[in-house]
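Okay, structure first, notes after.
Quick note: the coordinates plus some simple rules give every number you see, no bench work behind them. Nothing here was measured: the structure is a model prediction, and the numbers come from that model. Cβ sites come from the backbone with ideal geometry, for glycine too, and all protein chains shown count toward neighbours.
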Amino acid sequence: MENKQGIVCDGCGQAASPEHIAHRLQLLEWATRFRPVHIGTLLLGAATPGTLAEFFYSPEGTFAGEAALLAEVAGLAALDRPKEQLHIAFQRGGFFATHVLECPLETSDPHTVADLIKSRLPTAVIRIRRSLRPKRIALISAVLQPFAEQLRSLLPDSKIILNGGRAFRLEPGAPSGEARLLRQALTAEAAPES
């Protein structure tokens, strides 16, 4: 039997148990079900939230944390509909949410997190460029801020949407109103030029 230290998750680069891998596959299954054929806006976070209520595509419970903020960005927060209908509306709006690290973090050490992001970023870029191919990418985590210019240069076919040169912060401890600011930025981006 191989121990946890011998298995590295290909979705996040962390040491992984079989339960970790099974959880990642469940999250991927939920997200893939609602992936748009043509992605207008990719909402790119640093790491998948640690609770199912905060993972946008979870069929369980109500939206909380990051998931609630993503619903607000897409204009779905005020709708009183079953969760699956909200997922479908998000999909039809051309939105797709994903993370550089496709699993919840098992550490809170900022240096370790930055190292994990740095090591997984090339794989995420390949996935975005070859598979997702969004028109625009909104960075939704301050942890991604140091990588904004790198993402801009590696993904020239997608416009990187920032908040005054900074990543939007749809994460715990972020200032209120970030989701509203991102929604406004996306609306302005989509408006026809006169």
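Scanning region 163-182 for residues that are of a type outside the set (Lys, Arg) and outside any loop (DSSP other than H, G, I, E, B), which turns out surrounded by the most Cβ atoms within 10 Å (Cβ to Cβ)?
Just the residues of region 163-182 that are of a type outside the set (Lys, Arg), to begin with: 163-165, 167-168, 170-179, 181-182.
Subset that is outside any loop (DSSP other than H, G, I, E, B): 163, 178-179, 181-182.
On the way: Asn163: 16, Glu178: 20, Ala179: 22, Leu181: 15, Leu182: 26.
Step by step, filter region 163-182, then rank; the result is Leu182.
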Failed condition for Cys103, given (1) touching a Gly at 6+ places or on another chain (Cβ under 7 Å); (2) of a type outside the set (Phe, Trp, Tyr); (3) farther than 15 Å from Cys12 by Cα: (3)
Matching residues, region 76-103, being in a strand (DSSP E or B) and without any contact (Cβ under 8 Å) to a residue 60 or more places away in the chain: Phe95, His99, Val100
Only one of Leu27, Leu105, Leu44 that is under 17 Å from the mean Cα position of the chain (by Cα) and farther than 19 Å from Ile128 by Cα: Leu105
Of the residues that make up region 106-113, is at least one within 25 Å of Ala68 (Cβ to Cβ), touching a strand residue (DSSP E or B) at 6+ places or on another chain (Cβ under 9 Å) and not hydrophobic (A, V, I, L, M, F, W, C)? yes
Being under 16 Å from the mean Cα position of the chain (by Cα), assigned to a loop (DSSP other than H, G, I, E, B) and not hydrophobic (A, V, I, L, M, F, W, C) is the requirement here; does Ser58 meet it? yes
Of (1) touching an Asp or Glu at 6+ places or on another chain (Cβ under 7 Å); (2) of a type in the set (Asp, Glu); (3) over 23 Å from Phe56 (Cα atoms), Glu171 satisfies every one except (3)
Could you say whether any residue in region 13-32 is touching a strand residue (DSSP E or B) at 6+ places or on another chain (Cβ under 9 Å), assigned to a strand (DSSP E or B) and either within 19 Å of Gly94 (Cα to Cα) or polar (S, T, N, Q) (or both)? no
Cross-chain or 6+ apart pairs with Cβ under 8 Å, region 104-121 first and among the small types (Gly, Ala, Ser), then surrounded by 13 or more Cβ atoms within 10 Å (Cβ to Cβ) and outside any helix (DSSP H, G or I): Ser119/Gly13
I want to confirm something. Restricting to region 38-47 and keeping residues that are surrounded by fewer than 24 Cβ atoms within 10 Å (Cβ to Cβ) and of a type outside the set (A, V, I, L, M, F, W, C), which single residue is nearest to Ala97 (Cα to Cα)? Gly40
Could you tell me which of the residues Ile137, Ile160 is part of a strand (DSSP E or B), within 12 Å of Leu44 (Cβ to Cβ) and touching a Ser or Thr at 6+ places or on another chain (Cβ under 6 Å)? Ile137
Glu106 meets each of (1) in a helix (DSSP H, G or I); (2) out of contact with any helix residue (DSSP H, G or I) (no Cβ under 7 Å at 6 or more places or on another chain) with one exception, condition (1)
Go through region 73-103 and report how many residues are surrounded by fewer than 14 Cβ atoms within 10 Å (Cβ to Cβ) and either of a type outside the set (S, T, N, Q) or in contact with a helix residue (DSSP H, G or I) (Cβ under 7 Å, 6 or more places away or on another chain) (or both). 7
